Amino acid sequence: MPNIYQSLTYHALRQPDAIAVVDGDKTFTFPAFAEYARRYAACLTQAGIQRGDRVFALLENSADYLALYHATALTGFILVPVNVRLSTREIAWMIGHGEPKIVLYDPRNAHSAEAVRAACGADVQWIAIEDLPIAESIPDFDPQIVESGSVDDDDVALIIYTSGTTSLPKGAMLRHTGLVWNSINYQIELGINKDCRAVLAAPLFHIGGYGVINGPILAAGGQLSMLSRFESEAIISHLRTYTPTHLFLLSPMWVSLTDHPGFGDLRFPDVRYVQTAAAPLAEYRQELIRKVFPNAEFGWGFGLTEACVTIFKNRTTAEILSHPGSVGYRWPHFSYRLVDEEGQILTDPFAEGALEIKGPTIFAGYWNDVEATRSTLLPDGWMRTGDLIRFDKDGFAYFVGRAKDMVKTGGENVSALEVEIGILEHPDVSEAAAYGAPHDYWGEELRAAVVPVPGRSVDTEALLQFCRGRLTGFKIPKKITVVDTLPKSSSGKVQKFKLKDMLK
């Protein structure tokens, strides 16, 4: 019964003096951090949290957040990380959908928590995380649970809400065994071991924050140093004082860092591996990163929340350079197949098709959404990813587009339909189409085209202001264009590839 907590107790026995987590002036050895996780589990149990109950976390990165992740394996509660960038309306919807027993929040998000609490009116305990009596909690667990936890392979550890093809987000249920297998894959492919150290700067409400490099390093007996939130100056300071061996940042973070004054003059020879995800970086930025981290391999991965993150990966600088445009090589312990529009498996190994995958990291389905689960998870164990992919003769994958109408901007998946519904609430708009355009910073820039109601005109600046009252920041188009008509297929669907060409 593999789970993410077991690695803590394993390393607590094998290397009891090794540092596991550093969070500001707090330092935890593996025995101390395992005990910290147990205290969180005991404290939540005393607050009435039972197996299967949802605990929402409106938190910045911290040792407490990380302890909550591991505490899920002790009593079987489910942690639901909340994107702190979301609007009050969106978080309130999530709470209504996820039905948590408790929402935990920290001082930085107290104002947001109060606004959501007033908006949702749900019967939920709202607790400031600093008010939990962790120090007084007595983790009186059976010795077997202390050693190995109490969950089964298929028990859900996390529900991470991710935007889908509808106007509402979906809660992907990630299993303990899936998170463990993701760590195993990283340890195999990147040679991660107990001598590795990483700065955890990517947000823990994003699967990349824990799943990419950081979780695998801790599981291997390495060390994590926490940053509450990404800031370029804080990362640079941390690199100077902490000297990590590994650094993972989402591509917008790398853009911010490479644009930071004087970044190109810095040198960090101790770093052995740097990685991006969410979108490839411009070549000049990659060159700058290789210059600043002269002894590091550079890689990027491609994945999805529903697979506990990575499914393809360019592991090294050489792989990126030798296969330009590729999203990476096949990942261990996965099966892949491409299908056509009717779901028939393609026999041509180099044909473009919709990707389906099977493997131990695949999620358990969407929380409280039977139809979405049924359309994504097939009876034979395969999962539809919604991504259009082709392979080359070396087994490297190339992303062609999204079968699901999504825009990936700044590491966040945005449903085009959700944006379109928000725009269509404006009385002057008759039709709307949201789409992504290539962008150096965001990976894709969210844009929209609108058709006015006959006899009316659309003021694009006023429309953007209108959107700000209905959509969270990263879901607001960066540019809105007024058009006479939207190109459509014979079935009436907007042909966005033609729209993109029309608006270049």
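Inside region 296-363, counting only strands (runs of 3 or more DSSP E) that do not spill past its ends, which hold 2 or more residues that are surrounded by fewer than 22 Cβ atoms within 10 Å (Cβ to Cβ) and in contact with a Gly (Cβ under 7 Å, 6 or more places away or on another chain)?
Of the strands (runs of 3 or more DSSP E) lying wholly inside region 296-363, those with at least 2 residues that are surrounded by fewer than 22 Cβ atoms within 10 Å (Cβ to Cβ) and in contact with a Gly (Cβ under 7 Å, 6 or more places away or on another chain) span 328-330, 335-339.
Among the residues examined, A448 qualifies as farther than 30 Å from K358 by Cα and either part of a strand (DSSP E or B) or touching a strand residue (DSSP E or B) at 6+ places or on another chain (Cβ under 7 Å) (or both). The set of residues in region 259-310 that are more than 20 Å from E412 (Cβ to Cβ) and of a type in the set (V, I, T) comprises V271, V274, I289, V292. Go through region 249-283 and count every residue that is crowded, with 23+ Cβ neighbours inside 10 Å, more than 25 Å from M406 (Cα to Cα) and either in contact (Cβ under 8 Å) with a residue 40 or more places away in the chain or basic (K, R) (or both). Number of matching residues: 1.
In this entry, R175 passes the filter for residues that are within 30 Å of G359 (Cβ to Cβ) and either in contact with an Asp or Glu (Cβ under 9 Å, 6 or more places away or on another chain) or buried (at least 21 other Cβ atoms within 10 Å of the Cβ) (or both).
Yes/no per residue for (1) without any contact (Cβ under 8 Å) to a residue 24 or more places away in the chain; (2) exposed (fewer than 14 other Cβ atoms within 10 Å of the Cβ); (3) over 18 Å from G401 (Cβ atoms):
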position	(1), (2), (3)
Y441	no, no, yes
E445	no, no, no
V450	no, no, yes
L464	yes, no, yes
L471	no, no, yes
K500	no, no, no
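Is it true that some residue in region 29-43 is out of contact with any Ser or Thr (no Cβ under 8 Å at 6 or more places or on another chain), assigned to a strand (DSSP E or B), assigned by TED's automatic domain parsing to the domain that holds D140 and closer than 22 Å to A201 by Cα? Among the residues of region 29-43, at least one is out of contact with any Ser or Thr (no Cβ under 8 Å at 6 or more places or on another chain), assigned to a strand (DSSP E or B), assigned by TED's automatic domain parsing to the domain that holds D140 and closer than 22 Å to A201 by Cα, which makes the answer yes. G215 falls short of the stated requirement of being surrounded by 22 or more Cβ atoms within 10 Å (Cβ to Cβ) and out of contact with any helix residue (DSSP H, G or I) (no Cβ under 8 Å at 6 or more places or on another chain). Taking region 113-189 as the region of interest, the strands (runs of 3 or more DSSP E) fully inside it that hold 3 or more residues being modelled with pLDDT of 95 or more and in contact with a helix residue (DSSP H, G or I) (Cβ under 8 Å, 6 or more places away or on another chain) are 156-163, 169-175. Which members of region 410-430 meet the condition of being in a helix (DSSP H, G or I) and within 14 Å of V451 (Cα to Cα)? Within region 410-430, E420, I421, I423, L424 qualify.
The values are calculated or read from the model by the stated rules, or taken from the named source; none is laboratory data. What you see is a predicted model; the values in this text were computed from it and never measured. Here Cβ is always computed from backbone atoms with ideal geometry, including for glycine, and neighbour counts include all displayed protein chains.
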